Amino acid sequence: MQSKSLEKFHSLPNIRAGLSEGDLRKLYSLSLSQIRKHAEFAEYNYKPASFNIRWIYGYNPRAGVINLKDSDKSEIFYAAGNCGVLYDWESDQMRILQGHRHVVLFLATDAQGKWLVTGDSGPENIIIIWDTTDLFPQKTLFSPHGSRKIAKICLSADAKYLMTLAYADIAVLHWWIWSFGYDVPHATLEVDISCDGVLDMSFNPNDSLQFLLLTKQDIWIGTAKKIFITERGIVKETDNYELMIRMPTRKAAPEVGRLTCFTFAKAQIVVGTSRGAVVLYSATVGNQDNVNMNYEELRFIKILKIEQIKINVIQSVDGVIVTGSDIGELHFYDEQLKLLYWIHGFQVDSVRGISFDMIRRSFKILDPKCNKECPCYEEVNAGVDPETKMLRQKLIKKAIPSDATTANKPFLVRDFILCTYNEGVSFVNFTTESLHTVLDNRIMRALTLTVHPEKSLLCVGYSEGLIELHNYLQHKLFVRLDLREKFKVIIPPNDDSIKGDFEVNYPELSVTCLKYSPSGLHLACGLDTGELLFLDPITIDLLTPIPFKDTDHSIKEINYSCDSITLAFADAGRTVCVYKYDCNNFQWQFVGKHRAHYKEITSVFFLPQKNADGEYKLLSLGADRMMVEYDIGDSSDEYLEILSLDRIDQMAIPLTGIPWPTPLEIDPEHCRTDIPMILVANDEHKYKIINNATTMTLSTILGPRFEHPVCRIELITRKGEEDDQEQKYLLFATKNVIGLQTFPLDGNPWKHAGLLGHPLQVCGGDLDPYYCLVEDGRPGWLFHEIRDLFYYIQILCQGTFSPEIRRVKDYIPIDSLPDMMRALGYFPSEYEVENLIVEAKFKVFQRVPSIEIDFEEFFKLYINHRPAFAESVKKVRNAFRQFATPNQNDEFVISRDDFVDLLSQNGEHFSRELSWYLLSILYGQSFEDRAALPEPDFEFIPEEITLTELLTNIIGVQDIETFSDYSTRESMVSQIATSSESEDA
C-alpha cells in the first residue's frame, strides 16, 4: 500500500502537466493537510499523541477576543496559556491550537477570518499563521526579531502582509509577505519610539500597504512601497520593498488627555482619548466618500468632545462609529460623529473590547399597519441578499431599535462580541439588546484546583478570594463563592454622622489551597492568611462561619488520611497542622502543630499504613532534605509530636513525595512485599524509591528531563479496555509541563510524554531507549567506553597476571560498581555509594542479595544515578567561594594548608596520608618523585589555589571554556537527535 502511494506521489509532475492554469492555482493554494486529506495518493498515518487538551477554562484578556461568527458557525478566537482557542459557543465545541512554548500574547486575523495568527513573547518567541479550514500551521516564524521579544503583531485585511514590532533602543518594524515562505522580513524600519511606547498597531483595511502606530501622544502613519532603481537611464521596478513612516503634527490640547485607541473610517482616522474626546485625521476635508487615504497628505483636522469618560475602544462598522467607555457605555455615531444610538438593554462595567460579526446583517423590515401580530409573517418571502448570498432576516419595524434623529429611522448594525473588565466575554444580539455570556471568567489568577473523586466536579480557587465550582464534562459553571463578600465587615455610622453612611471593609485574602477528601464528603479551603475553611463538597456553601486560625502563614498543601477522618496541611512558615473529624458532632477539631523543618516544606502526605495506636502515618518532606514522621495518636494540648526525623538525601532537594505501593505482580516467595515505601522526586531530575521505615534509598531512577524538574506526582489507575485489568500511570508535573509516565519506573525516556513536547514512541525494548541518554548514542565513544570498562573490570577481577584462560562473562561483581562509576566520570559520594550498592544487591524487593550484576543492569544504574545534567562552572565557582578568601588582587584563593585541612576534616574527609597520595598523582608526580618526598610534604601544590588551578590541575578540566552552564533545551534537542541517530545505526 505504501509503495503504491509513493508511485502516485512521484507521478505528480505528469498529473500537473495536464492541469489548467486555474487548476494549478487551486492546487498550490491548498495547504499540506488539505492535500493529505483529499488527494488519492496521499495516504498518511498521523502518530497519535499520548494525550491531548480537551478543554481550556479561562482566557488571556491581554490578547483580546476576535469574533469569527458567520452564517455557518458562532466562533470566537482567543488565547489561553500557550494555546490559541477557537470556541463555538452555540455548539459548545472547542478547538485548540497548540504549537507555542510560551504564553500567547498576540492574535490577529484577516477580514474574512480565514487566516489566524498567534504569537508569543518568550525567549524563543515564534509566530504561527493557521488556516481555519483545517487548523494547519501554514507558516511559522522562529524568533522573527532575533533575541528581542515581540511587542505587537497585525495582519492585513487581505491576509497578504504581516507586520511585527519589537524594541531595541527604539521600535523596530518588520514587514513580511508571509505567503512567500521567507524566514527574513521583506522590509525593516526603525521608528523613534521608546520602549513599550506603541499602544496599538494596525493595517488600513482599505489599503493593505498602509499601516498606523498609536502612542500615548501621537499617531504614526506608514506605508510600504516597492524600490525602484535606475539602470542606464531606465527606471526599473525591483522585488524589494521599503517602509516609510511619518508623524502628522496636531494641535496641543491638554484637555484631550492621552490617546487610547483608533479606527479607520473611510478616508479618516478617528482616535479616542482618555478624557472622552476624539481626534480626527484625514487627507481631505468635507467629502468623505472616497476611501483612499493619501499617505503624505494625511493631517490633523480637529478635536471633538463626545463623552465625559475615558474611551477604551473605538470601532468602525457598517458606516457607523462605535465607542466603549470606561464605565460600560456603548455609543453609536455617524461618520460626522453625531450621536445616533446608545445601548439601553443592559449595563456592564468597563468595556475592554468590541468585535463585530464577520458578515454584515441581511434583513428585511416588515411594517404591519396594526399593533397586532402579523398573520402573514410566516408567508412573507424576505428574499436573498445579493451581496452576502444569504437569506434575509425578517424583522418587525416596531420590534427593532430606532435612532435618535427626528426621523426616528430603524437603526441596525451587526451583532458583536463584548469584552468587559470583570464580567467575562458576552455575545450581544443588537436587535433585542440581549447579553449572552460566552466566557464567564474573572480577570484574576487561578492558584489552586481540586477534583471530586466520584462526581464530575472541579473546584478552582483564585487570588482575590473567589471559588468556582465547574462541571468539567458539561463545561458549565455551577456556582461561584466570593469569600471577600462573605467576610466583609460593615461598620455603622457614628451617632454624630451627618450622611449616615455605612462603611464596608472587604478583607484582603486569596484562596491558596483546595482539597477534596478521598471519600468526597469533605472540601477544605486554605487561605493566604493562614485560615482554614470547610465547604460543602457539592454546593461549596460555607460550613465554618468562623475559620480555623492556627497559623499566620499562607497554607500551601492539604492532604487527608485514607479514611478522610484526619487532615494535615503545610504552610509557608514551615509548620504542619493536623485536624481530626468528630463523627459524632460532625465537626473538625484542631489536634496540634509543629515546626520541624528549618527550610520550606515541599510535601506533606499520609501513608496507607497505621501506627501502633491506630493512626495513619503522616510524613513531611522539606528543602532541608529531612523527612519527618509525626505521631498523631500521642499528640495533645495542640502540640504535634514527632516520631522520627531523618535526612533522606545528601545533595538533592526533595520536591514532592507520595506513598508507593508494592507491585501486585511480584512473587512473594522470592521478593518482599511488606516494605513501606514512598516515591520522591528531587531537584536533580531523579525519582527515588525510599524505605520510609529505614530511610534507605532502594532505587534511583532518572526522571523526565524537561527544563524544570518534576515537582508534583500522582498515581492514577484505569481499567484496560480488553482484560479489565488495572493499568497504572504516574501523572507528573514540572513548573510548566504536565505529563504521563508508564510503569515500571526505570529511567526509560520513551515511557513518558509531556504536553509541551512531541511524544516519542512509548515502551521500547532492552537498552534501545537508553542509548539517546549517552553522548552520540550507541555508536558514540561513551557507549564503547562503558562496554570496554565493563570487560576490563572482569580482567581485574580474574587477576591481571593470571596464567589461566580468560573467560568473558556477562556480569561483574557488585563491589566493583563504585570504581566503574568513577572511571566513567561520575564520582559518587560515600553516601551515594551505599545507596548504589544496596539498590544493586536487593533490586528493591529481592530477599536474597545479589553479588553480581550484568551489563544491562549496570548501564541502567549508570544512567539513572549519574547527574541528569553536566555540572556548571557557576556551581563549582559558588562552592569554591564558600571556602575561599580574596587576596591582594581581589582574586578568590584558598591557601595550601587550608585546602589540605578541608580535605582531611570536612564532610566525607580523607586522611592526610591519602590526600597526599591522591594529590601527588593528580599533580603528575611519578613513583620516584613520591618516594623522594616525605608523606606530609605538600610543597608540590601552589601556596595559593585559585579557581583555575582547581579546575585544571585538580579536577582535570581540559578546556575551561567548554565547561560552561548546561542548557536543558540543548540537552533535550541532543537527546532527540542522538536517539534518531542510534535508531538509524
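Annotations for the structure displayed:
- Sum of side-chain charges, Arg299 neighbourhood, beta-carbon under 12 Å (Lys, Arg +1; Asp, Glu -1): +2
- When the convex hull of its Cα atoms is projected in every direction, mean area for the stretch 411-547 (nm²): 12.5
- Thr717-Val479 pseudo-label distance in nm [points 7 Å out on the Cα-to-Cβ vector]: 3.2
- Length released on extending from Gln609 to Arg246, taking residue separation times 0.36 nm less the Cα-Cα span: 123.2 nm
- Residues whose placed amide H lies under 5 Å from that of Ser434, excluding near-sequence neighbours: Asn429
- Report note on the peptides 742-748, 322-328: ranked by the mean count of other C-beta atoms within 10 Å, highest first, their order is 322-328, 742-748.
- Taking 7 Å steps out from each Cα toward its Cβ at Asp890 and Leu304 produces label points 6.5 nm apart.
- Simple spin-label estimate for Lys486 and Glu296 gives 6.9 nm between the two label positions (7 Å along the Cα-to-Cβ direction from each Cα).
- Förster-model FRET efficiency, 51 Å R0, Tyr826 and Glu503, C-beta, rounded to 0.05: 0.15
- Based on Cα contacts under 8 Å between residues 6+ apart, the stretch 592-672 shows a relative contact order of 29 percent.
- The stretch 668-678 - phi-based ³J(HN,Hα) in whole Hz, Karplus 6.51/-1.76/1.60, Gly and Pro as x: x, 6, 10, 10, 7, 10, 10, 7, x, 10, 10
- The stretch 203-261, relative contact order [Cα under 8 Å, separation at least 6], %: 31
- Relative contact order of the stretch 62-188, defined on C-alpha pairs under 8 angstrom at six or more residues apart (%): 14
- Using the Cβ of Leu107 as centre and a radius below 15 Å, the other residues enclosed give a net charge of +1, where K and R count +1 and D and E count -1.
- Seen through its C-alpha gyration tensor, with square-root eigenvalues sorted a ≥ b ≥ c, the stretch 455-497 comes out prolate because a/c lies at 1.5 or above while a/b is bigger than b/c.
- Judged by the gyration tensor of its Cα atoms, with axes a ≥ b ≥ c, the stretch 541-668 is oblate; a/c meets the 1.5 cut and b/c is at least as large as a/b.
- Radius 10 Å from Cβ of Leu607, net charge of other residues (Lys, Arg +1; Asp, Glu -1): +1
- Among 840-850, 698-708, 590-600, the peptide with the highest mean count of other Cβ atoms within 10 Å heads the list, and the full ranking is 698-708, 590-600, 840-850.
- Ordering of 510-517, 645-652 by burial proxy (mean other Cβ atoms within 10 Å per residue, highest first): 510-517, 645-652
- Over 27 Å between alpha carbons, listed pairs Lys216/Lys735; Lys139/Lys686; Lys476/Lys580; Lys266/Lys310: Lys216/Lys735; Lys139/Lys686; Lys476/Lys580
- Whether the stretch 182-224 is rounded, prolate or oblate, judged on the alpha carbon gyration tensor where a/c under 1.5 counts as rounded: oblate
Readers should treat all values here as calculations from the given coordinates under stated rules, not as data from a laboratory. In this text the structure is predicted, and so the values were computed from the model without any measurement. Neighbour counts are summed over all protein chains in view; Cβ atoms, including those assigned to glycine, are modelled from backbone coordinates with ideal geometry.
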